[in-house]
Every structure is written in C-alpha cells, then in structure tokens.
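See below for the structure under consideration.
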Amino acid sequence: MIKVVLVALAISSAMLFAILASASIHPLTIFSSGIPYAPLTSPTSPSAIAVTDDKVCYLYVYNIQYGGGFSTKPPSDLYQYNFFIPELHISGWGDFKNLNSNDVSARVFEIDKSSVLEVQRMIKDDLRHSNYSQYLSIVSGGGYREIVSYIEQKAIQKTMCMPEIAPQKTYISKFTCKTASTPSSGNAHAVEVCFRRDVELYGVTVTGINETRIDRLVDLIANSSLYKLRDSTINTLSLLIYRDISVFAIMRNSVLLYPKPVHVMRALAFLAVFVSCIVLHYRFRPHEYAGFSRLLRRLRRRIYRQ
C-alpha cells in the first residue's frame, strides 16, 4: 500500500515538475476571452475645430475607462494576467461627396491627465482670443497647430488610423486604429480627425446657402456675424458640421500559467523527497518491488545486447 502511494506521489510530482518547467519557458494559456466592441467612451463632442493649412480638423479628448468586468489580478502568483487591445474603432461621421482615403486622416494620441488639463487651457485661451462663433468650438489655425504640437510632444503613444469608406464613396463607416500597446486606464485619448478642406458634404440643403465644401461651411459659422446669418441658419449649419464620435475597442484578456523559478524548484523538491522515500522503502522492503526489479533487469539485458 505504501509503495503504491509513494509511486503515485512521485509520478504526480514528476508531472507537476514537467508542466511547471515547460510553462516557465513557454507560458500556457489557461483562460482566454474578449469583447469585440467595448465602448471606451460615450459619444464625445469635439473640443476644438479648426481650418488649418489645407485641412479642416476636429480634436476630441476623452478619459480612457475600461468596462466589461475585466480583472487585472491573476488568481495567484503562479499565473500572469494578460490584457491587451489590438484595435480601436472610431465611428460617427456623416455623408460626403466622392470621398477618397487620401481626403481624410485620423490619429489617436494617449496623454496623461496633466497634459489634458493643459490642452483644455490652451483651447479655452484660443477660443477667448479668436472671437469666433459661440455655436461651435472653432479655434484659429495657428492656435490649433500649437495645441496639436503640444499633444505630439506629450504623447505616450501615437496611433495612426485607416478610414473604411463605403463603396459608394458617400460616408465613412469607421476608422480602424491598430494599437502598438494597450492604453492605460486613467490616461486620456486625444483623437484628431482631419479632412481635406475641399471635401464636400453630401445632401446639404440650407436656405440661401449654396456652399457644400466643409471649410467654407466652417468659415460661415466662425464668421457668422460678418455674414449676418440668422440664428436658424447658423443652427442648421452647425448641425451639418458638428459631429460626435464614439470609440470602441477590441479587448482581449487571458490568464497564463507562468510560474516563477521558485515554483519549479518546489516541484523539484517534492519529486526528490518522494523518490528518496521510494529508495528508502525499497531498501527495507525490496520484495514489494520484485516485479519492478525484474522489469529493470530485462531492460538492462536488452540494452547490453544492443
């Protein structure tokens, strides 16, 4: 009976040692799950809009908060928790005329909280000095370039995005952004979406307004007092230009068996103890291992013959 218990414990210890030693070199996935489109933010309004150089750009800022019940703690120190986001998806745009991929671009910057406060301050200062329309957060071209330059300097991570344009070339279904590393919860994203300034909106019908180019529509709103536009006209134009975005993430998490060297050494110690016990038990009661001894003698004879 003792022999059976000792042999069973030795075999179990050997298997445990083999698994832990292998996992310490190549971690084993124990559990894996994911959320295909987890929202990172509710629909977010533009913090700044600007006509700058040959583009019309929108800047959005939101805090990074993860939902979906993902835990960041592994079950024990034998395991490693792996959480990552391979892609971000940006949606929320309207219809355009003959839109091409070269007509639009998007970038996502990860910044910390202190940088967010500075960006908000810079936007407020430019809005106060530019004296543009009160209907939208339209900043000057120079001010916008300073804001984006500051974001680029402070960015923890920058991600370029590719637009997915409908076959009819009338609307953007979404932007797909491949991430190099997982954004940290508690930081913020600054999302920049820029259109070539001569891009035309599709289906623009405003009484007395014949413009469809996005830069001219922004100019009409920014300088509405100069053009003496009615409030109703400004409100209609603002609805055409104003765009909220929603950002979704493809989330993946997994639990890996990734033991530390101390765990491997413990398993080896258990194996050594049980093997030593078998050796001692064999010395005192060798007749219980007669069958095993005969098997070893047969193996030796075959090896020697070869």
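Amide H of TYR258 versus every other amide H placed in the peptide plane: which residues, excluding those fewer than 5 positions away on the same chain, fall under 5 Å? HN-HN under 5 Å from TYR258: TYR79, GLN80. How would you classify the range 154-209 from its alpha-carbon gyration tensor, with a ≥ b ≥ c the square roots of the eigenvalues: rounded for a/c under 1.5, else prolate if a/b is greater than b/c, otherwise oblate? Since a/c reaches 1.5 and a/b is larger than b/c, the shape of the range 154-209 is classed as prolate.
Just the projected area, averaged over all directions, of the convex hull on the alpha carbon atoms of the range 187-288: how many nm²? Display every interim value, and only then the final one.
Working: hull surface 58.9 nm².
So the mean shadow area of the Cα hull is 14.7 nm².
Stretching LEU226 away from ILE19 to a fully extended chain increases their span by 66.9 nm, per 0.36 nm per residue minus the current alpha-carbon distance.
Taking 18 Å as the limit for the C-alpha separation, the pairs LYS154/LYS178; LYS158/LYS178; LYS113/LYS174; LYS113/LYS154 exceed it in the case of LYS154/LYS178; LYS113/LYS174. Each residue of the range 114-119 was assigned a 3J(HN,Hα) from its phi angle through the Karplus curve 6.51 cos²θ - 1.76 cosθ + 1.60 (θ = phi - 60°); the sequence is 5, 5, 4, 4, 5, 4 Hz, with glycine and proline shown as x. Taking the number of Cβ atoms within 10 Å of each Cβ as an exposure proxy, the fewest-first ranking of VAL51, VAL108 is VAL51, VAL108. Just to confirm the number: angle between the C-alpha axis of helix 261-284 and the first principal axis of the chain, 0 to 90 degrees, nearest 10? Tilt relative to the chain: about 10 degrees. Here the range 30-256 is assigned +1 on the Cβ of each Lys and Arg and -1 on the Cβ of each Asp and Glu. Its dipole about the Cα centre then comes out at about 140 debye.
For ILE156, the shell of other residues with beta-carbons less than 9 Å away shows a net charge of 0, using +1 for Lys and Arg and -1 for Asp and Glu.
Computed from Cα positions, the angle between helix 2-25 and the longest principal axis of the chain comes to roughly 30 degrees. In this structure the amide hydrogen of LEU40, modeled in the peptide plane, comes within under 5 Å of the amide hydrogens of VAL247, PHE248, ALA249, none closer than 5 places in sequence on its chain. Which angle from 0 to 90°, rounded to the nearest 10, does the C-alpha axis of helix 141-154 make with the longest principal axis of the chain? For helix 141-154, the angle is close to 10 degrees.
Computed over the chain with a Gaussian network model linking Cα atoms closer than 10 Å, the most mobile of ILE221, ILE25, ILE245 is ILE25.
Using alpha carbon centroids, what distance separates the range 116-190 and the range 224-269, in Å? One Cα centre to the other: 13 Å.
Under the criterion of Cα pairs below 8 Å and six or more residues apart, the relative contact order for the range 30-256 equals 41 percent. Scalar couplings 3J(HN,Hα) for the range 192-201, obtained by applying the Karplus form with A = 6.51, B = -1.76, C = 1.60 to θ = phi - 60°, are 10, 10, 10, 10, 4, 5, 8, 5, 10, 7 Hz; x denotes Gly and Pro. At an R0 of 45 angstrom, the distance between the Cβ atoms of LYS97 and SER184 translates into a FRET efficiency of 0.70. Extension gain for the segment PHE31 to VAL275, taken as residue separation times 0.36 nm less the Cα-Cα distance, is 84.5 nm to one decimal. Here THR170, THR29, THR182 are placed in order of increasing Cβ neighbour count within 10 Å, fewest first, which gives THR29, THR170, THR182. Ordering LEU9, ILE156, LEU40 by Cα displacement along the dipole of the chain toward the positive end leaves LEU9 in first place; charges were set at the Cβ atoms of Lys, Arg (+1) and Asp, Glu (-1). Just rank GLU146, GLU110, fewest to most, by other beta-carbon atoms within 10 angstrom. Ordered by Cβ neighbours within 10 Å, fewest first: GLU146, GLU110.
Annotation: amide H-H contacts under 5 Å for ALA48 (H modelled 1.01 Å from N, sequence separation of 5 or more, or interchain): LEU59.
A convex hull fitted to the Cα coordinates of the range 134-248 yields 138 cubic angstrom per residue.
FRET efficiency for the pair ARG243 and ASN210, taken as 1/(1 + (r/R0)^6) with r the Cβ-Cβ distance and R0 = 25 Å, rounds to 0.70.
Find out how many positive minus negative residues lie around ILE172, taking Lys and Arg as positive, Asp and Glu as negative, among other residues whose Cβ is under 11 Å from that of ILE172. Net charge in that neighbourhood comes out at 0. Evaluating 6.51 cos²θ - 1.76 cosθ + 1.60 at θ = phi - 60° for every residue in the range 255-260, the Karplus couplings come out as 10, 10, 7, 9, x, 7 Hz, glycine and proline recorded as x.
Two decimals, Cα atoms only, Kirkwood Rh: what is Rg/Rh over the range 30-256?
Values: Rg = 19.4 Å, Rh = 18.9 Å.
My calculation of the ratio gives 1.03.
Just so you know, all these numbers are worked out from the coordinates, no wet-lab data involved. Only a predicted model underlies this, so the values are computations on that prediction, with no experimental measurement involved. Glycine also receives a Cβ, built like all others from the backbone with ideal geometry; neighbour counts cover every protein chain displayed.
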